[in-house]
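Visitor: To start, I am sharing the structure in question, which I have written as structure tokens.
The values are calculated or read from the model by the stated rules, or taken from the named source; none is laboratory data. Note that this is a predicted model, so its numbers are computed, not measured. As a convention, Cβ positions derive from the backbone with ideal geometry for all residues, glycine included, and neighbour counts pool all protein chains shown. The protein model used for the area step is the full one, side chains on, heavy atoms only, and it has no ligands, DNA or RNA in it. Shrake-Rupley method; radii C 1.70, N 1.55, O 1.52, S 1.80 Å.
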Amino acid sequence: MIRQAGGFDMSDESKQRIGDYEVLGVLGSGGMGRVYKVRNVISDRVEAMKILLPNLAGRQELADRFLNEIKLVASLDHPNIAALRTALTVDNQLLMIMEYVEGTTLSARLEHGPIPVGETLDYINQVLAALSYAHARGVIHRDIKPGNMMLTPSGVVKLMDFGIARSGTDGGMTKTGTTLGSVHYMSPEQVRCEPIDARSDLYSLGISLYELVTGQRPFQADSEFSLMAAQVKEIPRPPLQLQAGLPAGLNEIILMAIAKEPGKRFQSAEAFRNALSNVACDVSGQTATMDLTPPRMAPAAAKVAATVAKPPSPSATSASGASAATPQMPGSTAAGAATVAGAAGGASVPPTGKSDHHVLYITLGAVLALAALVGAGTYVSARRGRANQGGSMLPAVSSAPSQDAAPGSSPSPTSASAPAAPAQADQNAGGNEQPADTKAGGASPATSSRASGKSSAAAAAAKEAAAQAAQQAAAASAAAAAAAAAAEKEKLDQLELSIDQLQSRIDAANNSLEGIEQEQSRSGMRMRSDITSARSAMLNSLKKAQDALANHDAEKAKRYSDQAEANLEIIEHFLGR
């Protein structure tokens, strides 16, 4: 049987030697043990030594518990868990020799303010890796907090102190050596001394994560009683309200991790870790980069440029192989179109909607009309020039027969003068006037009809687009109204839950006050006047909050609820002393 002998005099701990270990200093104390920094005088290696506290001598159940912890830690081998080197007894004193982790705790880092989100996610990911490993082996830490997370200079996080601060019957709370800080991280089931599982560690880690990114703990109180009540009943403020730049996804993950009911939390460390990995990707992707993508050409401009760049179609060529008289705009070659496209952005543009087609049609109509006017002007100018030169609009026919003609043959028409050649060329180039105007792109009645029809189609399309826009605006307005109504309902539902929880706390505090009053009455004493006033104001404010909630007045309900809670905290502080 191993027993605590209490034979070590550690009054001068800096010079004490235990077996082959020289004590260099104290690293910390738990509920039933103390941790020293020691040096093995044989190997000269610095390590950590845990022993049972001397004032617990004679308590065999604690010695047995300490022995179980040794076996438990000896079964764990993970890079994020401080390793057990060996265990031994010296003068019947049970000792644990642990890996000495050089660095600083995350609680010490918090003294300088919140830790950046990217770093925090890395640290918590390492802790979750350790917990996933331990939970898979049936090991529950029971005391997760930033003070038990050691950060090494190389950025590795080591999870420390598996179970040393837990007594045999307190379900996770330790009467001896307990600090107030541990109560801040206890799960509701730990506070109620109920059976716990891995989800209790995840709750404590969620509280730790809340503190790391905001620099504040979710529950603040002046007494252990108030803190324990808050862990069981109080809904914390979302961390996003304390740290405005926090990713919304991380805010939701933290709130899920610290849900009061274990069934509403993450059910495993791996699930918690997977959720954080998505946030980590979002955080790492939030780097400022310069957009080097060239600006894209406007859809209508791109289409016009593409149309102008097209070569003449086969139908625009005359039967003789000559090009039709359709004029081209300057730079209407493929190279010219490419130059225009490059100036506008030089990128291929995907097809767009109906409205872009109407813009194209109107633009092309204008181009064709301009070309028709130019062609018509050229044609009239040519006719007038020939008239001024004496040229006939019809072929000139000689009245005398050709010398080469056979006797009795009909005279063949010949050119009477030079102006006849332009007239013939005019006929070859265009035939009659109407085809020439048509080939030149003139505004014939059919063309005008098509342009008019396209303009009407454009107007109809614009009207349709305006109607669709009005419908979309109406739908958006309806959606906004529905969202506002849903948000108001959610706000009222949250207030109802909060006021119900507040009612439970008030009932518990009121019952305790009534018990105290009965005790004081039997002794001829009376309750303090400030507490009596606080209770009266608390009950009055609670009733007003409930009435406002019944009338769907969220603002008043919240105001009176806050007043009731403020008086309740005065009473809880009184009861917790």
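Visitor: Heavy atoms only, 1.4 Å probe, whole protein assembly: order HIS184, HIS552, HIS135 by accessible area, highest first.
Guide: HIS552, HIS135, HIS184
Visitor: With all protein chains present and a 1.4 Å probe, how do LYS544, LYS158 order by accessible area, largest first?
Guide: Ranking LYS544, LYS158 by accessible area, largest first, yields LYS544, LYS158.
Visitor: Output wanted: per-residue J couplings in Hz (rounded whole) for the range 462-468, from phi through Karplus 6.51 cos²θ - 1.76 cosθ + 1.60, θ = phi - 60°, x for Gly and Pro.
Guide: So the Karplus estimates, Gly and Pro as x, are 4, 5, 5, 5, 5, 5, 5 Hz.
Visitor: Moving on to the next point. Just to verify a number: FRET efficiency for ALA474 and ASP553, C-beta to C-beta distance, R0 = 41 Å, to 0.05?
Guide: On the way: r = 30 Å, r/R0 = 0.73.
Working from the Cβ atoms, E equals 0.85.
Visitor: Of LYS233/LYS264; LYS489/LYS558; LYS260/LYS558; LYS260/LYS556; LYS71/LYS264; LYS50/LYS145, which pairs sit farther than 25 Å apart, going by alpha carbon to alpha carbon?
Guide: Listed pairs above 25 Å: LYS260/LYS556; LYS71/LYS264.
Visitor: Now, a different point. Just need log10 I(q)/I(0) for the range 61-145 at q = 0.18 Å⁻¹, Debye formula, equal scatterers on the alpha-carbon atoms, no solvent, rounded to two decimals.
Guide: Log-scaled intensity ratios, in q order: -0.93.
Visitor: Whenever you get a sec, compute what percent of the accessible area on the range 177-240 sits on carbon and sulfur atoms (1.4 Å probe).
Guide: Taking all protein chains in place, the range 177-240 shows 51 percent carbon and sulfur surface.
Visitor: As a test question: what accessible area, to the nearest 10 Å², does PHE225 have when a 1.4 Å probe is rolled over all protein chains in place?
Guide: That residue has around 90 Å² of solvent-accessible surface.
Visitor: Give the accessible area for LEU202 in Å² (nearest 10); use a 1.4 Å probe, count only protein heavy atoms, and leave out ligands, DNA and RNA.
Guide: Around 0 Å² of this residue is reachable by solvent.
Visitor: Ignoring any ligand, DNA or RNA, what whole percent of the accessible area of the range 62-142 comes from carbon and sulfur when the probe is 1.4 angstrom? Provide the component values of the computation, followed by the final result.
Guide: Values: 1550 of 3380 Å².
Here it works out to 46 percent.
Visitor: Under a 5 Å amide H to amide H cut-off, with H placed in plane at 1.01 Å, what residues pair with GLU47 once short-range neighbours are removed?
Guide: Sorted by chain and number, the residues that satisfy this are VAL38, ARG39, ASN40.
Visitor: Hey, what's the per residue convex hull volume over the C-alpha atoms of the range 197-262, in cubic angstrom? It would help to have the intermediate numbers written out before the result.
Guide: Working: hull volume 5.4 nm³, N = 66.
Normalising the Cα hull of the range 197-262 by residue number yields 82 Å³.
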